[in-house]
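First the structure, in the form of structure tokens, and then the observations on it.
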Amino acid sequence: MNTDALRGHMDALLLSVLEDEPLHGYAIIEALQQRSGGALTVPTGTVYPALRRLERVGHLTSEWATVAGRKRRTYRLTPSGRTALHGERTAWTDFSDVITRVLSPRPEN
């Protein structure tokens with residue numbers, strides 16, 4: 001999938017992947033790829049700055065953890081992040097509904 005198509009949706013994708021459990025950066029990238037059926041291959045240069053930005057605004061917290069013998073920064077959704085995710089889902093549903101109406105074939109009269 002074209003990474004330009006993801007523009008404006010990265011926050012929602014990251015928050016969604018972190019909804020159920022804390023993950024480190026590489027595991028987040030893997031989860032995006034798995035949950036998308038392989039359609040999303042998001043570069044680290046896109047994911048890590050977005051994670052840091054989401055942490056700065058209070059939607060995520062992070063801590064260092066040892067995973068498979070390596071120290072990794074693990075990210076966790078905050079209550080603010082859960083609220084933001086709910087808003088992102090609502091906005092996506094509204095946007096998707098509008099685009100579907102526009103792109104759907106018009107019935108013949």
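Kirkwood hydrodynamic radius for the range 59-109: how many Å is it when counted over pairs of different Cα atoms?
Final number for the Kirkwood radius of the range 59-109 is 14.3 Å.
Could you work out how far helix 44-56 tilts from the main Cα principal axis of the chain, as a 0 to 90 degree angle to the nearest 10? With both axes taken from Cα atoms, the answer is about 80 degrees.
Shape summary: the range 3-92 maps onto an equivalent ellipsoid whose semi-axes, from the alpha-carbon gyration tensor, are 19, 17, 11 Å in decreasing order. Taking amide H as placed 1.01 Å from N in the peptide plane, the amide H of Leu23 sits under 5 Å from that of Tyr75, each at least 5 places away or on another chain. Amide hydrogen proximity for Ser36: with H placed 1.01 Å from N in the peptide plane, no residue at 5 or more positions away or on another chain lies under 5 Å. Kindly express, to the nearest 10 degrees and within the range 0 to 90, the angle between helix 79-103's C-alpha long axis and the longest C-alpha principal axis of the chain. Tilt relative to the chain: about 30 degrees. In the neighborhood of Ala65, defined by Cβ-to-Cβ distances under 10 Å, what is the net charge if each Lys or Arg adds +1 and each Asp or Glu adds -1? Result for the neighbourhood of Ala65: +3. The value of relative contact order for the range 36-93, using C-alpha pairs under 8 Å at least six residues apart, is 24 percent. The range 3-76 and the range 85-103 have Cα centres spaced 22 Å apart.
Rule-based calculations on the coordinates, nothing more; no lab input. Because the structure is a prediction, the values reported are computed rather than measured. Please note: Cβ atoms are built from the backbone with ideal geometry, for glycine as well, and neighbour counts cover all protein chains shown.
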